[in-house]
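The values are calculated or read from the model by the stated rules, or taken from the named source; none is laboratory data. Because the structure is a prediction, the values reported are computed rather than measured. Note that each Cβ is placed from the backbone with ideal geometry, even for glycine, and that neighbours are counted across all protein chains shown.
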Amino acid sequence: MPITLISASFLGLLLVYLSYNVSKERGRTKTSLGTGDDEGLLNAVRAQGNLIEYAPLGLILLGMLETLPINQTFLMVLAGLLVVGRYAHGLTLGKFEGKNLFRMWGTIFTWVSILVASGTGLYEGVMTFI
């Protein structure tokens, strides 16, 4: 499952980076639990948390689809959307005043990858019974 492995590796690197940012912000604010009233710490915690909320399901779906005889280019596109989406969202959350197009497109890429992977999984799963 090289597509899932590479995707998980990229997302693992992002998680370590975002976790480091949380630790750095906690040290700066001297806040060991919660976020207090600090917007920088809140943004760091949410960037990390949002990755943890979406990446596992995306990777599980990719891995399960990769075990099936599905077009590898299609899976690479789904994986690319997931990884690029999570990077765009995670690295830019709280970095812009007003509208953050990177965060918006990161969310869209993530949702599309999970939606298409879920739909494909449902189709492939149901077709095994027909």
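With the condition kept exactly as written, say whether any residue in the range 43-51 is under 30 Å from L122 (Cβ atoms) and of a type in the set (A, V, I, L, M, F, W, C). Within the range 43-51 (the criterion being under 30 Å from L122 (Cβ atoms) and of a type in the set (A, V, I, L, M, F, W, C)), the answer is yes, since at least one residue qualifies.
Test G94 against the stated conditions and say whether it is farther than 20 Å from E124 by Cβ, in a loop (DSSP other than H, G, I, E, B) and touching a helix residue (DSSP H, G or I) at 6+ places or on another chain (Cβ under 6 Å). Judged against the criteria, G94 is a match.
Could you tell me whether the range 41-58 includes any residue that is among the β-branched types (V, I, T) and in contact with a Ser or Thr (Cβ under 6 Å, 6 or more places away or on another chain)? Spell out how you get there, then give the answer.
First, pick out the residues of the range 41-58 that are among the β-branched types (V, I, T): 45, 52.
Remaining after also requiring in contact with a Ser or Thr (Cβ under 6 Å, 6 or more places away or on another chain): 45.
Among the residues of the range 41-58, at least one is among the β-branched types (V, I, T) and in contact with a Ser or Thr (Cβ under 6 Å, 6 or more places away or on another chain), which makes the answer yes.
Going through the range 79-96 one residue at a time, which ones are of a type in the set (A, V, I, L, M, F, W, C), touching a residue at least 40 places away in the same chain (Cβ under 8 Å) and under 18 Å from L115 (Cβ atoms)? Break it down into steps so the answer makes sense when it comes.
Taking the range 79-96 first, the residues of a type in the set (A, V, I, L, M, F, W, C) are 79, 81-84, 88, 91, 93, 96.
This time we only want the ones that are touching a residue at least 40 places away in the same chain (Cβ under 8 Å), so: 79, 82-83, 91, 93.
Matches in the range 79-96: A79, L82, V83.
Test T110 against the stated conditions and say whether it is under 29 Å from M1 (Cβ atoms) and touching a Gly at 6+ places or on another chain (Cβ under 8 Å). Please lay out each step first, then the result.
Details: under 29 Å from M1 (Cβ atoms): yes; touching a Gly at 6+ places or on another chain (Cβ under 8 Å): yes.
So T110 passes the test.
Just the residues that are assigned to a helix (DSSP H, G or I), closer than 24 Å to R86 by Cβ and without any contact (Cβ under 8 Å) to a residue 40 or more places away in the chain, please, taken from the range 26-41.
Narrowing the range 26-41 to residues assigned to a helix (DSSP H, G or I): 26-29, 39-41.
Checking the rest, the ones that are also closer than 24 Å to R86 by Cβ come to 26, 39-41.
R26, L41, listed by residue number.
Going by the structure shown, is A88 closer than 18 Å to F10 by Cα and either part of a helix (DSSP H, G or I) or of a type in the set (G, A, S) (or both)?
Values: closer than 18 Å to F10 by Cα: yes; either part of a helix (DSSP H, G or I) or of a type in the set (G, A, S) (or both): yes.
Spelling it out, A88 is indeed closer than 18 Å to F10 by Cα and either part of a helix (DSSP H, G or I) or of a type in the set (G, A, S) (or both).
Figure legend. Inter-residue proximity from the range 48-75: first residues in contact (Cβ under 8 Å) with a residue 24 or more places away in the chain, second residues outside any helix (DSSP H, G or I), beta-carbon distance below 9 Å, spacing 6+ or different chains. Indicated pairs: N50/L93; L62/M1; G63/M1; E66/M1; T67/M1. Of all residues in the range 10-65, those satisfying the criterion of being among the polar types (S, T, N, Q) and within 14 Å of L91 (Cα to Cα) are S19, N21, N43, Q48, N50.
Here is a yes/no grid of residues against (1) modelled with pLDDT of 95 or more; (2) surrounded by fewer than 16 Cβ atoms within 10 Å (Cβ to Cβ):
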{"position": "K30", "(1), (2)": "no, yes"}
{"position": "D37", "(1), (2)": "no, yes"}
{"position": "A44", "(1), (2)": "no, no"}
{"position": "G49", "(1), (2)": "yes, yes"}
{"position": "G58", "(1), (2)": "yes, no"}
{"position": "L61", "(1), (2)": "yes, no"}
{"position": "L65", "(1), (2)": "yes, no"}
{"position": "L68", "(1), (2)": "yes, yes"}
{"position": "L75", "(1), (2)": "yes, no"}
